[in-house]
Structure formats: C-alpha cells, structure tokens
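The values are calculated or read from the model by the stated rules, or taken from the named source; none is laboratory data. Remember, it's a predicted structure, so these values are computed and weren't measured experimentally. Every residue, glycine among them, receives a Cβ derived from its backbone with ideal geometry; neighbour counts consider all protein chains shown. Remember, those area values only see protein heavy atoms, side chains included, never the ligands or the DNA or RNA. Shrake-Rupley method; radii C 1.70, N 1.55, O 1.52, S 1.80 Å.
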Amino acid sequence: MPGLTIGDTIPDLQVDTTQGKIKLHQFFSDKWTILFSHPGDFTPVCTTELGKIAQYASEFNKRGVLLLGLSCDDLESHKEWIKDIEAHTPGAKVNYPIISDPKREIIKQLNMVDPDEKDSNGNLPSRALHIVGPDKKIKLTFLYPATTGRNLDEVMRVVDSLQKASKFKIATPANWKVGDPVVISPDVTNEQAKEMFPQGFETADLPSKKEYLRFTNV
C-alpha cells in the first residue's frame, strides 16, 4: 500500500461515481476538497456518517469546500444506499458524488485500505478522510477504525484552521475554534509581526523568557 500522506499530491485517477465519471484533478479544480472513504454500503456507522456529512454540506459549501465520498460497492448499491442515508437523517440530501471501487484498486492508490477488515473480495476501505488543498496536496488526514464514527464538528474545525493558516502566517492552538486567538508562526520576527498584524499581538510571559508564543486575532 503506498504511503500517501500529508504533503503528497493526490493521484489524478479517473473514477466512476454516483454522478458519472470524473477525473480527480479536474473535479478538485482549485478548491479545497474533503475525500472520505467508508468500509461498505448499508453498514450502520457509515450510514450515520454520510447523513451527517450531507447535513453539513451547506457549511462546507460556504467555505468553498467540495465533498467526495468513496465506498467499495457498485454504483447501483450506492444509489439504493443513499435512500437509507437520507431517510435516517431527515432533511439531509446526498448531493455529493460517491466513488464506486468494487475491485478495491482505488483505495490502494489513495491509501484508504483497512489492513484488518476483509470480506470475500479482499480488504475493505478504512474509515479515512483526506483534506486536499487547492494545490491538490493532502493537508490533513484522519484514520478511524471501523468501530468509531467521525466527528464532523472536528472536520469543520480543522478546515477552518487550515484555510486560515493558508492566508496568514499563523497556526491554531489546542482546542482552537473560530473567533479564538491564533498564534503567530515562529519564523515571523516581532518587527514583521507588527507589519503583518497591525491589530497587535500579545506575547506570553514564560519562564524561559523566549518570545515564541505570540497571540493575535485574524
């Protein structure tokens, strides 16, 4: 299995989806994209997850983020499964495409294989999620076991963090959420920080007396 991870470019695969054939790079265009895989159709945790993602779709859309799912079953199975997803999560519409990968080839190329979960056709997809930047490189990846559903509030939080960090020379501290102060990158001098952040910044008074923990609002 290839070691596709943070910093790597997503391969430009042609895939079959519930909305037709797509080439990944053309689909991503110059937008942020969330690419997420699921062990299989008509499975309990996956059904709740895809419904939640559909519920959050409008918030991702506000941030200019595309959604692209993947499960190893065929397209007809996907289309029937979507009916269950939408029924279980009232008001949620699965308007994003879901990739079909019955031969289990795409999950290998995208590093979305669960080494322990198998069926008669081989290894199943992991519960993986890649956040891909406009440059088509992986910016963040989550990997959950089959037993644990994802927290969509956390996915939204890290999207906000990544997008903010892509615009400013900052990082987001532990438990950060939108509206909280951010920290200025260590490679920015105090003089540069005064120009970059005219709103000002505060430096934490630490025992080391090193001025590396600087907070500002952007």
Study note, to complete from the structure: Selection over region 164-218 where residues are of a type in the set (A, V, I, L, M, F, W, C), buried (at least 16 other Cβ atoms within 10 Å of the Cβ) and farther than 26 Å from ASP153 by Cα yields a count of 5
Review point. Does region 89-98 hold any residues that are in contact (Cβ under 8 Å) with a residue 12 or more places away in the chain and part of a loop (DSSP other than H, G, I, E, B), and which are they?
Key: THR89, GLY91, ALA92, LYS93, VAL94, ASN95, TYR96, PRO97
Check your understanding: Quick one: which of GLY200, GLY149 is small (Gly, Ala, Ser), at pLDDT below 95 and either over 11 Å from the mean Cα position of the chain (by Cα) or under 30 Å from SER71 (Cβ atoms) (or both)?
Key -> GLY149
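Given the criterion of a type in the set (A, V, I, L, M, F, W, C), open to solvent by 30 Å² or more (accessible area, probe 1.4 Å) and either in contact (Cβ under 8 Å) with a residue 60 or more places away in the chain or farther than 30 Å from GLU195 by Cα (or both), identify the matching residue among LEU143, LEU152, LEU129, LEU124. Full working, then the answer.
Working: LEU152 fails: open to solvent by 30 Å² or more (accessible area, probe 1.4 Å); LEU129 fails: open to solvent by 30 Å² or more (accessible area, probe 1.4 Å); LEU124 fails: open to solvent by 30 Å² or more (accessible area, probe 1.4 Å).
Criteria check complete, one pass: LEU143.
For region 46-64, which positions are in contact with a His (Cβ under 9 Å, 6 or more places away or on another chain) and of a type in the set (D, E, K, R)? Give the steps one after another, and end with the answer.
Quick first cut of region 46-64, residues in contact with a His (Cβ under 9 Å, 6 or more places away or on another chain) only: 46-51.
Result: GLU49, single match.
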Review point. Somewhere in region 21-35, is a residue under 29 Å from ASN121 (Cα atoms) and among the small types (Gly, Ala, Ser)?
Key: no
Practice item. Would you please name the residue that is farthest from the chain's Cα centre (by Cα), looking only at residues in region 1-47 that are among the aromatic types (Phe, Trp, Tyr) and either closer than 20 Å to LEU152 by Cβ or part of a loop (DSSP other than H, G, I, E, B) (or both)? Key: PHE42
Revision key, fill the gap. The correct count of residues that are hydrophobic (A, V, I, L, M, F, W, C) and either at positive phi or not in a helix (DSSP H, G or I) (or both) in region 143-163 is 2
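Among the residues of region 164-183, write down those that are in a helix (DSSP H, G or I) and in contact with a strand residue (DSSP E or B) (Cβ under 7 Å, 6 or more places away or on another chain). Steps first, please.
Within region 164-183, the first condition is being in a helix (DSSP H, G or I), and the residues that meet it are 164-167.
Selection gives LYS164, ALA165.
Being among the β-branched types (Val, Ile, Thr) and in a strand (DSSP E or B), is that true of even one residue in region 107-129?
Taking region 107-129 as the starting set, the residues that turn out to be among the β-branched types (Val, Ile, Thr) are 107, 113.
Adding the requirement that they be in a strand (DSSP E or B) leaves 113.
There is at least one residue in region 107-129 that is among the β-branched types (Val, Ile, Thr) and in a strand (DSSP E or B).
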**Study point:** Looking only at region 1-42, and only at residues there that are among the aliphatic types (A, V, I, L, M) and open to solvent by 50 Å² or more (accessible area, probe 1.4 Å), the one that is modelled with the highest pLDDT
**Key:** ILE6
Practice item. Would you please list the contacts, defined by Cβ atoms under 7 Å and residues six or more apart or on different chains, that run from a residue in region 165-179 that is on the phi < 0 side of the Ramachandran plot to a residue that is part of a loop (DSSP other than H, G, I, E, B) and hydrophobic (A, V, I, L, M, F, W, C)? Key: PHE168/VAL218; LYS169/VAL188; ILE170/VAL218
Practice item. Sort out which residues of region 48-88 are within 21 Å of the chain's Cα centre (by Cα), surrounded by 14 or more Cβ atoms within 10 Å (Cβ to Cβ) and either polar (S, T, N, Q) or in a strand (DSSP E or B) (or both), and write them in order of number. Key: THR48, GLN55, VAL65, LEU66, LEU67, LEU68, GLY69, LEU70, SER71
